[in-house]
Structures are given as structure tokens and as C-alpha cells.
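Following: one structure in C-alpha cells, then a few remarks.
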Amino acid sequence: MIGGIIVHGDGLGKTLGYPTANIDVEPSSVRFESGVYAARATLHGKIYDAALVIIQSPWKVEAHLLDYAGPDIYGQELRIEPIQRVSSLERYDDIDELKAKIGRDITLVRQVFEDVAIREDRDDHVL
Ligand SMILES: Cc1cc2nc3c(=O)[nH]c(=O)nc-3n(C[C@H](O)[C@H](O)[C@H](O)COP(=O)(O)O)c2cc1C
């Protein structure tokens with residue numbers, strides 16, 4: 001579990017069309033390697049499916065809440081539980097290529113949650 005207060009990032013996420021909540025968290029408290037993860041985020045006791053991005057250098061932990069359309073959430077506490085790593089971080093010089101990569105990652109994240117939902121549904125029906 002990763003938890004921290006949401007702080008301002010560089011604002012690039014919004015420009016890319018994928019706003020992210022940057023979380024203020026100590027590197028030593030995070031035991032996950034860098035990359036993109038399907039994750040469950042808890043905000044005010046409500047759970048959201050999320051894409052979690054962990055970057056080692058410069059250190060950054062940020063989350064894009066998949067279907068969140070509410071007001072800005074700066075200053076609030078976000079707790080995140082990574083579920084499955086879906087991709088690595090790549091360097092892009094072309095912003096459209098980066099956008100396309102993020103889109104593909106989000107699709108992978110949604111697939112993880114679909115698979116989880118199918119598994120949970122199947123478990124419900126076990127006699
Ligand atoms: C699902 C996802 C995958 C991402 N993958 C990469 C990546 O591979 N390479 C990269 O440079 N940025 C990637 N980003 C973008 C950055 O991590 C970050 O969102 C962006 O730089 C905005 O940061 P800011 O909120 O500090 O402005 C990804 C973002 C998301 C949401």
C-alpha cells in the first residue's frame with residue numbers, strides 16, 4: 001500500500017489528456033520497481049480503478065484515476081494498492097507517441113480490472 005498527500009506535478013498530464021495525481025511519498029517507503037501498474041486507489045473511502053506510475057529518477061509517484069471526473073483533489077490523501085505491473089517507462093521525444101503509449105497502457109490496465117471482475121464473478125458461483 002502506498003499512501004500520501006496529492007501535490008502539484010508539472011501539469012503535463014492534463015496537457016496529455018491523462019491528468020495524474022502526484023503523491024508525496026518517500027522513495028524508501030515504496031517497494032515497487034519503476035513502471036506502470038494497474039492499481040486500486042482510495043480517495044475519501046471511495047475506490048477507483050487507476051493507472052499508477054512509479055518513476056525512479058526524478059522520483060515521482062502518480063496515479064491517473066480511470067473514471068474520475070470530479071474537482072481537483074490537491075491536498076487530499078490518496079491510498080494506492082498496486083495490483084499488477086502492465087508496462088515499463090519509455091522515453092519519447094514525440095508527444096503524440098507518448099500519448100499513444102499512455103492510451104495503450106490504460107487499455108492494459110482496464111483489461112486487468114476486467115479479468116479481476118470475471119474471476120470474482122466466477123468465484124461467487126463456486127458451490
Ligand atoms: C499510464 C501512464 C503511462 C505513462 N508512461 C510514460 C512513459 O512510458 N514515458 C514517459 O515519459 N511518460 C509516461 N507517462 C507520463 C508521465 O508519467 C506523467 O504523467 C507526465 O509526465 C505528467 O507528469 P506531471 O503530472 O508531473 O505533469 C505515463 C503516464 C501515464 C498515466
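Every number here is computed from the coordinates shown, using simple stated rules; none is lab data. Because the structure is a prediction, the values reported are computed rather than measured. Cβ sites come from the backbone with ideal geometry, for glycine too, and all protein chains shown count toward neighbours.
Do the sum for the chain: with -39,500 (n - 2.57) for every DSSP H run of n ≥ 4, divided by all residues, what is the mean residue ellipticity at 222 nm, to the nearest 500 deg cm²/dmol?
Estimated from H runs of four or more residues: -9500 deg cm²/dmol.
May I ask you to derive the FRET efficiency for D24 and M1 from their Cβ-Cβ distance with R0 = 22 Å, giving the value to the nearest 0.05? Intermediate values should be presented prior to the final figure.
On the way: r = 15 Å, r/R0 = 0.69.
The value I calculate is 0.90.
Dipole magnitude of the chain about its Cα centre, charges +1 at Lys/Arg Cβ and -1 at Asp/Glu Cβ only, in debye to the nearest 20? Before the final figure, lay out each step's value.
Values: 14 positive and 22 negative charges, 22 e Å.
Result for the chain is approximately 100 debye, rounded to the nearest 20.
Principal axes first, then extents: for the Cα atoms of the chain, list largest minus smallest coordinate on each axis, whole Å, largest first.
Result, largest extent first: 51, 31, 31 Å.
Counting other beta carbons within 10 Å of each residue's own, what order do L78, L16, L65 fall into, fewest first? Intermediate results must be reported in sequence, preceding the final value.
Details: L78 25, L16 16, L65 21.
Going from least to most buried by this count: L16, L65, L78.
With only Lys, Arg, Asp and Glu charged, each at its Cβ (+1 for the first two, -1 for the last two), find how big the charge dipole of segment 19-79 is about the Cα centre; round to the nearest 20 debye. Mind dumping the intermediate values first?
Details: 5 positive and 8 negative charges, 29 e Å.
Roughly 140 debye for segment 19-79.
What angle, in degrees between 0 and 90 and rounded to the nearest 10, separates the Cα long axis of helix 95-124 from the longest principal axis of the Cα atoms of the chain?
20
Rounded to whole Å, give me the distance from the Cα center of segment 63-127 to that of segment 6-37.
13
On each of the three principal axes of the Cα atoms of segment 46-99, give max minus min coordinate, whole Å, ordered largest first.
Projected onto its principal axes, the Cα set of segment 46-99 covers 35, 22, 20 Å.
As an exercise, identify the GluC sites (Glu not before Pro) in segment 13-116 lying in DSSP coil whose Cβ has no more than 16 other Cβ atoms within 10 Å. Walk me through the numbers on the way to the answer.
Working: sites: E33, E62, E77, E90, E97, E114; in loops: E33, E90.
In loop regions of segment 13-116 (DSSP not H, G, I, E or B), the sparsely surrounded GluC sites (Glu not before Pro) are E33, E90.
Could you give each residue of segment 35-52 its phi-based ³J(HN,Hα) in whole Hz, using Karplus coefficients 6.51, -1.76, 1.60 with θ = phi - 60°, and x for Gly or Pro?
Going residue by residue, I get x, 10, 10, 6, 8, 9, 10, 10, 10, 6, x, 9, 9, 10, 6, 8, 9, 9 Hz, with x marking Gly and Pro.
Extension gain R91-H125, at 0.36 nm per residue separation less the Cα-Cα distance, in nm? Show your work: numbers first, answer last.
Values: separation 34, 0.36 × 34 = 12.24 nm, distance 4.45 nm.
Full extension from R91 to H125 adds 7.8 nm.
For a quick check of your reading of the filter: which trypsin sites (Lys or Arg not before Pro) in segment 77-127 sit in a DSSP loop and have no more than 11 other Cβ atoms within 10 Å?
Details: sites: R79, R85, R91, K99, K101, R104, R110, R119, R122; in loops: R91.
Within segment 77-127, the qualifying trypsin sites (Lys or Arg not before Pro) (loop, at most 11 other Cβ atoms within 10 Å) are R91.
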